[in-house]
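A.B. asks: Got a structure for you, written out below as structure tokens; questions coming shortly.
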Amino acid sequence: MKFIHAADIHLGCQPDRGFPWSRERSFDILAAFRDLINACKKEQPDLLLIAGDLFHRQPTPAELKEADALFSNIPSVPVVMIAGNHDCVRNGSSLEQFSWSPNVHFLSGRELSSVSFPQAGTVVHGFSYHTREIPEPRYDGLTAPEDGRFHILLAHGGDSSHIPIDRKKLGASGFSYIALGHIHKPELDPENRLAFSGSLSPIDMTETGNHGYIVGELTGKGPGALRLRFVPLPSRSYIPCRVKVTERTTNQSLFRTIGKFMEQYGPSNIYKLTLTGKRDPDISFDQEYLRTAGRIISYQDETVPAYEIGELLKAHRHDLIGRYMEAFLEDGSEEDLTDPVRKMAFYYGLDALLANFDSETGEVK
């Protein structure tokens, strides 16, 4: 029995609000959903499993019809889905009242229910969220019937506010496979017969790495009878870009370096820029200018000025700057600055003091 497992599609989400490319990101999410449907056309699985959060929020009637139109493009592939915490079922909502295409089976109830597929010898179980949070470990006590069929559990959760999950208990529950949603990073755990497919497309800058869906095959009940493979989808990615500067680095050379990095990894991707290393004390990097190099969603400057600490201590031994430095440097060395926050505080203060130091009077203005 072959299945495709996806989750956390988040239709209707518009990531990176406030940035020029935000509208494009909402199209990326829809494109990933279309890619999933096209994969079903190609793979022709016995089931498509959606483990919650098909929508980012309560869907409108129009959004429901658009999603259903895509599901109707694979009429020979049964779709089984549950609602997650983002698209939980509200009383009287459009989601609760919507009539899906014949191939779509929505396990919308609060309590565990199931749908059977005799031709595939498979039963799929699950329940939907009706509130944004469920702190109780509701999956812990579930067990699968022993009737010779494959039993699959659709589940959504994995943190303290959204159905905490005990992998060992799930692994011992007797289900042939547990298709999980809510955690946006893919993770395959065939030993416990479960997997998180992760979000189909990244929805915020914390979601680096590959995103896609899982193709699985059940060939029996024993060890090795479950085969899983993760299939990444081509999508815009959030990519960390760490650049180490030197005393020779200027805004212009840094701009070129960032540009070359983006050319290598793709200008349509979105970058989290972090600067490290020691810079020329006379140089400060212009965040607004550097952001024009491409799609930079976050900027962090962890550089420190390349001061000769020993020489500075000698030159300012008897003034305020020297006393300030000695308060941080017990041994008169940068090696004392092991804590990153303390290190940055030291250099920020030292910068300010040196900028206001009057060499003629030996005082800080």
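The values are calculated or read from the model by the stated rules, or taken from the named source; none is laboratory data. Note that the coordinates shown come from a computational prediction; the quantities given were computed from them, not determined experimentally. Cβ coordinates were reconstructed from backbone atoms using ideal geometry, including for glycine residues, and neighbour counts include every protein chain displayed. Quick note on the areas: whole protein, heavy atoms, side chains included, nothing else; ligands and nucleic acids left out. Shrake-Rupley method; radii C 1.70, N 1.55, O 1.52, S 1.80 Å.
A.B. asks: Given the rule -39500 (n - 2.57) for each run of at least 4 DSSP H residues, summed and divided by the residues of the chain, what is its mean residue ellipticity at 222 nm, to the nearest 500 deg cm²/dmol?
C.D. replies: -7500 deg cm²/dmol
A.B. asks: While we're looking at this one, here's another question. Counting other C-beta atoms within 10 Å, and keeping those with at most 16, which DSSP coil GluC sites (Glu not before Pro) do you find in the range 284-335? Walk me through the numbers before you get to the answer.
C.D. replies: Numbers: sites: Glu288, Glu302, Glu308, Glu311, Glu326, Glu330, Glu334, Glu335; in loops: Glu302, Glu308, Glu330.
Taking the range 284-335 and a limit of 16 other Cβ atoms within 10 Å, the loop GluC sites (Glu not before Pro) found are Glu302, Glu308, Glu330.
A.B. asks: Next question. Remind me, relative contact order of the range 140-209 in percent, using alpha carbon pairs under 8 angstrom and six or more residues apart?
C.D. replies: Normalised by residue count, the contact order of the range 140-209 is 27 percent.
A.B. asks: Please list Tyr213, Tyr348 from largest to smallest accessible area, probe radius 1.4 Å, with all protein chains kept in place. Working shown, then result.
C.D. replies: On the way: Tyr213 15, Tyr348 145 Å².
Ranked from most to least accessible, the order is Tyr348, Tyr213.
A.B. asks: When only Cα pairs under 8 Å and 6 or more residues apart are kept, what is the percent relative contact order across the chain?
C.D. replies: Across the chain, relative contact order equals 12 percent.
A.B. asks: The range 241-365: D in µm²/s via Stokes-Einstein (Kirkwood Rh, Cα pairs, 37 °C, 0.692 mPa s)?
C.D. replies: 203
A.B. asks: Please give the Cα centre distance for the range 26-41 versus the range 326-348, rounded to the nearest Å.
C.D. replies: 51
A.B. asks: Now for a different question. By its C-alpha gyration tensor, with a ≥ b ≥ c as the square roots of the eigenvalues, how is the range 1-66 shaped: rounded for a/c under 1.5, else prolate for a/b larger than b/c, else oblate?
C.D. replies: Prolate, because a/c is 1.5 or more and a/b exceeds b/c.
A.B. asks: For the range 88-215, what class follows from the C-alpha gyration tensor (a ≥ b ≥ c being the square roots of its eigenvalues): rounded when a/c is under 1.5, otherwise prolate if a/b is larger than b/c, else oblate?
C.D. replies: Rounded, because the longest to shortest axis ratio a/c is under 1.5.
A.B. asks: Over the Cα atoms of the range 249-308, Rg to Rh with Kirkwood Rh, two decimal places?
C.D. replies: Value, to two decimals: 0.98.
A.B. asks: When the accessible area of the range 39-115 is split by element with a 1.4 Å probe, what percent falls to carbon and sulfur?
C.D. replies: Here it works out to 48 percent.
A.B. asks: Rounded to the nearest percent, how much of the accessible area of the range 208-365 (1.4 Å probe, protein heavy atoms only) is carbon and sulfur?
C.D. replies: Ligands and nucleic acids excluded, carbon and sulfur reach 48 percent.
A.B. asks: Can you tell me how much longer the chain between Ala345 and Arg229 gets when fully stretched, taken as 0.36 nm per residue apart minus their C-alpha distance, in nm with one decimal?
C.D. replies: Between Ala345 and Arg229, full extension yields 37.0 nm more.
A.B. asks: Got the relative contact order for the range 264-357 handy, in percent, Cα pairs under 8 Å and 6 or more residues apart?
C.D. replies: 24
A.B. asks: If you don't mind, there's one more thing I want to ask. Accessible surface of Trp100 in the full protein assembly, 1.4 angstrom probe, to the nearest 10 Å²?
C.D. replies: For Trp100, solvent-accessible area is about 40 Å².
A.B. asks: Restricting to lysine pairs 8 or more places apart or on different chains, what number in the range 221-300 have Cα atoms under 29 Å apart?
C.D. replies: Close lysine pairs under the 29 Å cut-off: 5.
A.B. asks: The range 163-222: D in µm²/s via Stokes-Einstein (Kirkwood Rh, Cα pairs, 37 °C, 0.692 mPa s)?
C.D. replies: D, rounded to a whole number, is 261 µm²/s.
A.B. asks: Would you mind classifying the range 92-141 by shape? Square roots of the alpha carbon gyration tensor eigenvalues, ordered a ≥ b ≥ c; an a/c under 1.5 is rounded, otherwise it is prolate if a/b is larger than b/c and oblate if not.
C.D. replies: Oblate is the answer for the range 92-141, as a/c is 1.5 or above yet b/c matches or exceeds a/b.
A.B. asks: Hey, can you find the accessible area per residue of the chain for me, probe 1.4 Å, expressed in square angstrom?
C.D. replies: For the chain, the per-residue accessible area is 48 Å².
A.B. asks: One quarter of the convex hull surface, Cα atoms only: what value does that give for the chain in nm²?
C.D. replies: For the chain, the mean projected area of the Cα convex hull comes to 23.8 nm².
A.B. asks: For the range 216-259 and the range 123-186, what is the separation of their Cα centres, given in Å?
C.D. replies: Measuring centre to centre over Cα atoms gives 28 Å.
A.B. asks: Among the trypsin sites (Lys or Arg not before Pro) within the range 146-236, which fall in a DSSP loop and have no more than 13 other Cβ atoms within 10 Å of their own Cβ?
C.D. replies: Those that pass, being in a loop and sparsely packed, are Lys221.
A.B. asks: Considering the range 1-128, what Rg and Dmax in Å follow from its alpha-carbon atoms?
C.D. replies: For the range 1-128, the Cα-based Rg and Dmax read 14.8, 50 Å.
A.B. asks: Counting DSSP beta bridges with both partners in the chain, what percentage is antiparallel, nearest 5?
C.D. replies: 35
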